[in-house]
Amino acid sequence: MTEPDPRADDLADALLALLDEPAIERRALPPANFWSIVHYGEQSYENRYNRVVRWLLDPTENHGLDAAVVNSLIAAVWAGPGEQPVVGVRRVRTGIETPAPRASDAALAGRIDITVVDHANRVVIAIESKLASSAHDEQLRRYREWITSAYAGWQHVFVFLTEVAEQPDDEGWTALTYGDFVDVIAAERETRKVASRVDAVIDDFVADVDRRGAGPADERIAGLFFTDAAEPKPAQVRFADLLLAVADEIEPADAERRAPHARLAAYVAGLRSSAPAPAASHVFGRLTTRFEERSRSSSELVRTLSYVLDHAPRILAQDHAKAPGVAEFFSAYAEHLTGRARRSARDGVSTVRPEQSLGGYLRTVRVNQGGKGVTFNERVEGVARFRVSGNDLAVFPWWVGHIGDETRNIPRSACGIVGARVQRRPLAEWTPEELHAAVLAALGDIAAHGDGRCGCGEAIR
């Protein structure tokens, strides 16, 4: 039986200290608005934010701001060359998820989050929006190349819109945070009267951006997770394990079976692989008691915890920029598994050699798009896919475990093979042969004990 953790009371006191600051309390416990009512998982925010941004930028929409917001946005990011573009209200089309074909073939380069196309003034705006993730696989370059080709001779505006300040990986794009965009909206609202219903919609959006965005509480919150939170890779856990233990108490894995905090949980598990997991019910009970002693409700506790978890240290957010040597490592890894050289980055699913398959459990393998991992058991009926991946040269591999699909419920947070059975270390200390031997040993150990099932419930057979 897991022993109660005495740090639970200290965590409660730290949370209550945050709420004693009015600015933080307003963000952690905002009044009811549209966004808090329709909240259904952090993964949904990017799509919904994109729709609000498109609505505000469309001069023909019913917000009553005409082209004021879109032209103020252009003014905020325009650095030339040439005269600053101006968007009108005639022959303007806006879009969400605009398909962008590759220049070389008919395949998609991806989908551009938000587009504004003014045919009358020959101006096109492309916006790539990112919340808690980064641009990946050179998508910004590919989108820019398609826009400049498809709209040759037009004026082009490329905006990289992010939750926290981040530089785009393509020089043709200009960085803008959602906080900056809120300032653009505010400037226009000061000079224009709009309907009260429009004001309410925009107020709710601005309040939610403020709730999620970077601010004075972020360093304090990071300090709740790690005592050395200022380090690029913090290693001294303060309350991170306790916060993650109660995460499922307040927000279980969503309908798409993505554990909301799986990446952070895997990182912390690697740091505390020898420590027992905290008892979630005890931690939550102690937090509830301490909040009640301060005349704070259990609802306020849950909302405060959600706010803290939503603002977990950004250093752990997903980084899609390919680290040097990673793609080459996984290419060699695939060659070790299949016994044949890869012909190109587009090589598909291949058969795993019997001696590398754990008695036939790992049947097929494919190098993932971008080259930052391999996936086993693609297109194998009745067997969960299994992935080995990583993109951090100092902490490698990042993930070793089962992954779900549309039909299989695989709780990734419970599939912590990495950190527990496969220890992370610098990429330079691994060879493909050594890594796969460690993976086979981990899977073999699971198969040999109990009912032969992984912590996520998948049978190793």
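The values are calculated or read from the model by the stated rules, or taken from the named source; none is laboratory data. Here the structure is a predicted model, which means the values were calculated and not measured. All Cβ positions, even for glycine, are placed from backbone atoms using ideal geometry, and neighbour counts span all protein chains on display. Just the protein is used for accessible areas: all its heavy atoms, side chains included, with ligands, DNA and RNA removed. Shrake-Rupley method; radii C 1.70, N 1.55, O 1.52, S 1.80 Å.
For the reader, a short list of remarks on this structure follows.
- Set of aspartates and glutamates with alpha-carbon distance to LYS233 below 12 Å, sequence-local pairs under 8 removed: ASP392
- In this label model, LEU393 and VAL52 are separated by 3.9 nm, measuring between points 7 Å along each Cα→Cβ vector.
- Rough spin-label spacing in nm, given labels placed 7 Å along Cα→Cβ, for ASP20 and ASP210: 2.3
- Among 170-178, 440-448, the order from most to least packed when residues are scored by Cβ within 10 Å on average: 170-178, 440-448
- FRET E, pair ALA75, GLU219, Förster distance 25 Å, beta-carbon r, rounded to 0.05: 0.20
- Placing R0 at 30 angstrom, the Cβ-Cβ distance between VAL164 and ASN62 gives a FRET efficiency of 0.45 after rounding to 0.05.
- FRET efficiency, 1/(1 + (r/R0)^6) with R0 45 Å, evaluated for ALA32 and GLN423 via beta carbons: 0.45
- Accessible area of the stretch 145-186 divided out per residue, in Å², using a probe of 1.4 angstrom: 43
- For ASN368, distant residues with modelled amide H under 5 Å away: GLY373, VAL374, THR375
- Contour excess over end-to-end distance, with Cα ends at ALA152 and ARG93 and 0.36 nm allotted per residue: 19.5 nm
- Cα gyration tensor shape for the stretch 157-233, rounded if a/c is under 1.5, else prolate or oblate: oblate
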